[in-house]
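Down below is the structure, laid out as structure tokens.
The values are calculated or read from the model by the stated rules, or taken from the named source; none is laboratory data. Just so we're clear, the structure is a prediction, and the values are computed from it rather than from any experiment. When we count neighbours, we look across all protein chains shown, and the Cβ atoms used for this are built from the backbone with ideal geometry, even at glycine.
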């Protein structure tokens, strides 16, 4: 796909269509990778953002207990030695 470089203030940039932004889940930022004569744009992803705080809060509330028993608790692993 060919896109034009456009003037943005004193800089230059490129415009991505809404369909591209939606398809690749691009929000506010992209990661710019320079590799072997290529420029690669990747969506910035933080799939586990905030998990550390959520787990800490669960621990403080005592909500970090196992809901199911360990499935291997009564198994003998002697045959695997």
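When the residues of region 27-52 are narrowed to those that are closer than 30 Å to residue 64 by Cβ and surrounded by 10 or more Cβ atoms within 10 Å (Cβ to Cβ), which ends up modelled with the lowest pLDDT?
45
Just the residues that are on the phi > 0 side of the Ramachandran plot and in contact with a strand residue (DSSP E or B) (Cβ under 7 Å, 6 or more places away or on another chain), please, taken from region 1-57.
The one that is on the phi > 0 side of the Ramachandran plot and in contact with a strand residue (DSSP E or B) (Cβ under 7 Å, 6 or more places away or on another chain): 25.
Here are some residues: 57, 42, 49. Which one is without any contact (Cβ under 8 Å) to a residue 24 or more places away in the chain, under 28 Å from the mean Cα position of the chain (by Cα) and in a helix (DSSP H, G or I)?
57
Looking only at region 1-26, which residues are part of a loop (DSSP other than H, G, I, E, B) and exposed (fewer than 10 other Cβ atoms within 10 Å of the Cβ)?
Within region 1-26, 1, 2, 4, 9, 10, 25 qualify.
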